[in-house]
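J.: Structure below; questions to follow.
The values are calculated or read from the model by the stated rules, or taken from the named source; none is laboratory data. Since the model is a prediction, treat every value here as computed from it, not as a measurement. Cβ placement follows ideal geometry from the backbone for every residue including glycine, while neighbour counts extend to all protein chains displayed.
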Amino acid sequence: MKSKLLISKDVLRQDYLSCYGGRIYKTPNIDMLARKGTLFKNFYTAAVSSGMAYSAMFSGLNIHEMKRSYFRDVDQFDQCPTLFQLFEEMGYETHVIWDKRWYKSSRKKAQVFSKNTNFHNLSIEQPVGPHCKYERSENGRIVAKQNTTPLGDIMEEVKTVLESKTKQIFLWIHSPHVYSGRTGYGSDIDLFDTLVGELMKIFIGDIYLTGDHGHMNGEKTIPCYGHHVYEGAIKIPLITPNHFGKKTIETPLSNIQLKNIILEENFNSKKFVYSDSRYYLQPDRKLAIRKGDFKYIYNKNDKSEELYDLTYDPNENVNLLLDKIIDTERLSEYFLDEIFYYPRWEKAEKAYLELKAEKDRIWKNGNRWVELYIRAREIKRRGLLKTIYTKFKPKKILKGRWGAKAKADLSKK
């Protein structure tokens, strides 16, 4: 038996890493890990918020397969043995190293650990963006913590774990959105790469690297993550030891496969890959389903649909279900196929019908009164005016191609 190390980072996009073609950041240590192992090019999170993502990646179940109905503190996961429980049944020690805020929050939303899991809760996070509500100066800027050595704290904890272990271990190290001392998403990728390099020097066993979810980074005018299932938010890195005899794997896979990849050093390709933004009772739920080149998105709030061909349109600029495009500058409408050249309409239609049928098969609706209660809680949390603006900002539902409901954005960019 070999010890296993899983390294992950919040809001980790593929293009943050140079081995994935990223041009802004240099990540030589992670690149080395990729050269020695296998890089998965089309790897997706099953959920776009941390607690839900942990639930999927350590249980091996998609969000729609779980008994959980909305996002809240939950009891211990009991639908199947989790990765932590399975490792302990095999005689491993299990450990988690992360920021102390995750122990107080996301852990309670997932509960996929074992009763014997050892938690090592450090103060290594710098709250930024939506996580920095109460830590700003008078001018509104972030008050940066002065701890400039979060990697030292992590490495000291890792060394303590390795020196005190009495058997093989499964160790999960989860890095926060931003390390203490830095003040923006993506600003600490050099530190993350340095951490990976230091861990490669001292850890004897298999090393895996991934994210829990991505980050929109301003794409489609969306600043953050958690509410959308576009590629920036759900497509994440995965680098593993070379269990598979290949340097790269192109097959679309979900992080529900992580359990098998780490435990059994294998995976089973699935016909469909799913990513969810919410549990089934929650409002503003968005579900993405990918098969091959095509990706379908369903929006619960307005029942609108989107379809993208990710080979021709990897940035999801053109919803193929829009029969007409609205030009807000010219105040005109144009047929999509007159202004956008696309050679695979027949394949797109077949993909749409198949993906929509799959959505209908797995979609669940709960008790209407419970849904209204959850919506009321959401309005209280977000505020009435913000909720109204989000729901009614200018968009128009159109009769789309092949009978779809497609949404046109009428706001000027």
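J.: Only one of these conditions is not met by ASP302: (1) part of a loop (DSSP other than H, G, I, E, B); (2) in the same structural domain as CYS19 (by TED's automatic domain parsing); (3) touching a strand residue (DSSP E or B) at 6+ places or on another chain (Cβ under 7 Å). Which number is it?
T.: (2)
J.: Return a yes/no flag: does the stretch 135-143 have any residue that is among the basic types (Lys, Arg), over 28 Å from ASN260 (Cβ atoms) and part of a loop (DSSP other than H, G, I, E, B).
T.: Scanning the stretch 135-143, I find at least one residue that is among the basic types (Lys, Arg), over 28 Å from ASN260 (Cβ atoms) and part of a loop (DSSP other than H, G, I, E, B), so the answer is yes.
J.: If you don't mind, another one. Looking at the stretch 33-67 only, could you name the residues that are basic (Lys, Arg) and within 25 Å of CYS224 (Cα to Cα)?
T.: Listed by number, the list holds a single entry, LYS41.
J.: If you go through the stretch 194-218, how many residues are in a loop (DSSP other than H, G, I, E, B) and in contact (Cβ under 8 Å) with a residue 40 or more places away in the chain? If you could, list the steps in order and put the result at the bottom.
T.: Here is the first cut: in the stretch 194-218, the residues in a loop (DSSP other than H, G, I, E, B) are 203-205, 212-218.
Restricting the remaining residues to those that are in contact (Cβ under 8 Å) with a residue 40 or more places away in the chain gives 203-205, 212-215, 217.
Adding up the residues that qualify gives 8.
J.: While we're looking at this one, here's another question. From the list ASP15, ASP10, which one is under 15 Å from the mean Cα position of the chain (by Cα) and without any contact (Cβ under 8 Å) to a residue 12 or more places away in the chain?
T.: ASP15 is the lone residue from the list that is under 15 Å from the mean Cα position of the chain (by Cα) and without any contact (Cβ under 8 Å) to a residue 12 or more places away in the chain.
J.: Go through the stretch 326-364 and give me each residue that's under 14 Å from ALA404 (Cα atoms) and either assigned to a loop (DSSP other than H, G, I, E, B) or among the aromatic types (Phe, Trp, Tyr) (or both).
T.: Once the filter is applied, which keeps residues that are under 14 Å from ALA404 (Cα atoms) and either assigned to a loop (DSSP other than H, G, I, E, B) or among the aromatic types (Phe, Trp, Tyr) (or both), the stretch 326-364 yields only TYR352.
J.: Okay, moving on. Any idea how many residues of the stretch 175-190 are surrounded by 20 or more Cβ atoms within 10 Å (Cβ to Cβ) and of a type outside the set (Ser, Thr, Tyr)?
T.: Within the stretch 175-190, residues that are surrounded by 20 or more Cβ atoms within 10 Å (Cβ to Cβ) and of a type outside the set (Ser, Thr, Tyr) number 6.
J.: Kindly indicate the residue of the stretch 13-25 that is surrounded by fewer than 24 Cβ atoms within 10 Å (Cβ to Cβ) and modelled with pLDDT of 95 or more and also nearest to LEU83 (Cα to Cα) among those meeting that condition.
T.: As a first pass, look at the stretch 13-25 and keep what is surrounded by fewer than 24 Cβ atoms within 10 Å (Cβ to Cβ): 14-15, 18-25.
Within this subset, residues satisfying the condition of being modelled with pLDDT of 95 or more are 14-15, 18-20.
Values: GLN14: 24, ASP15: 28, SER18: 29, CYS19: 28, TYR20: 27 Å.
Residue satisfying both the conditions and the ranking: GLN14.
A quick yes/no check of all residues on (1) hydrophobic (A, V, I, L, M, F, W, C); (2) outside the structural domain of LEU238 (by TED's automatic domain parsing); (3) touching a residue at least 12 places away in the same chain (Cβ under 8 Å):
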| site | (1), (2), (3) |
| --- | --- |
| MET32 | yes, no, yes |
| ASP73 | no, no, yes |
| ASP78 | no, no, no |
| LEU86 | yes, no, yes |
| ASP99 | no, no, yes |
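J.: Also, I was wondering about something else. Could you check THR328 against (1) touching a residue at least 60 places away in the same chain (Cβ under 8 Å); (2) buried (at least 22 other Cβ atoms within 10 Å of the Cβ); (3) hydroxyl-bearing (Ser, Thr, Tyr) and say which number it fails?
T.: (2)
J.: Next question. Mind listing whichever residues of the stretch 234-268 are polar (S, T, N, Q) and either touching a Leu at 6+ places or on another chain (Cβ under 7 Å) or without any contact (Cβ under 8 Å) to a residue 12 or more places away in the chain (or both)?
T.: THR248, ASN268
J.: Separate question: Can you tell me how many residues in the stretch 264-277 are crowded, with 23+ Cβ neighbours inside 10 Å and part of a loop (DSSP other than H, G, I, E, B)?
T.: Number satisfying all stated conditions: 1.
J.: Does ILE289 satisfy the condition of being of a type in the set (Val, Ile, Thr), under 24 Å from SER3 (Cβ atoms) and surrounded by 20 or more Cβ atoms within 10 Å (Cβ to Cβ)?
T.: Criteria not met by ILE289.
J.: Looking only at the stretch 75-100, how many residues end up being surrounded by fewer than 16 Cβ atoms within 10 Å (Cβ to Cβ) and on the phi < 0 side of the Ramachandran plot? Outline the logic, then answer.
T.: First pass over the stretch 75-100, keeping only residues surrounded by fewer than 16 Cβ atoms within 10 Å (Cβ to Cβ): 75-76, 78-80, 89-91, 100.
Next, only the ones that are on the phi < 0 side of the Ramachandran plot stay: 75-76, 78-80, 89-90, 100.
Residues flagged as surrounded by fewer than 16 Cβ atoms within 10 Å (Cβ to Cβ) and on the phi < 0 side of the Ramachandran plot within the stretch 75-100 amount to 8.
J.: Of all residues in the stretch 221-250 being crowded, with 22+ Cβ neighbours inside 10 Å, hydrophobic (A, V, I, L, M, F, W, C) and in contact with a helix residue (DSSP H, G or I) (Cβ under 8 Å, 6 or more places away or on another chain), which is farthest from PHE71 (Cα to Cα)?
T.: ILE239
J.: Specify the residue that is farthest from ALA233 (Cα to Cα); the eligible residues are those in the stretch 294-318 that are free of Cβ contacts under 8 Å to residues at least 24 places away in the same chain and surrounded by fewer than 18 Cβ atoms within 10 Å (Cβ to Cβ).
T.: Step by step, filter the stretch 294-318, then rank; the result is THR311.
J.: Which residues, counting only those in the stretch 219-263, are modelled with pLDDT under 95, assigned to a loop (DSSP other than H, G, I, E, B), closer than 22 Å to SER277 by Cα and not hydroxyl-bearing (Ser, Thr, Tyr)?
T.: Matches in the stretch 219-263: ILE222, PRO223, CYS224, GLY226, HIS227.
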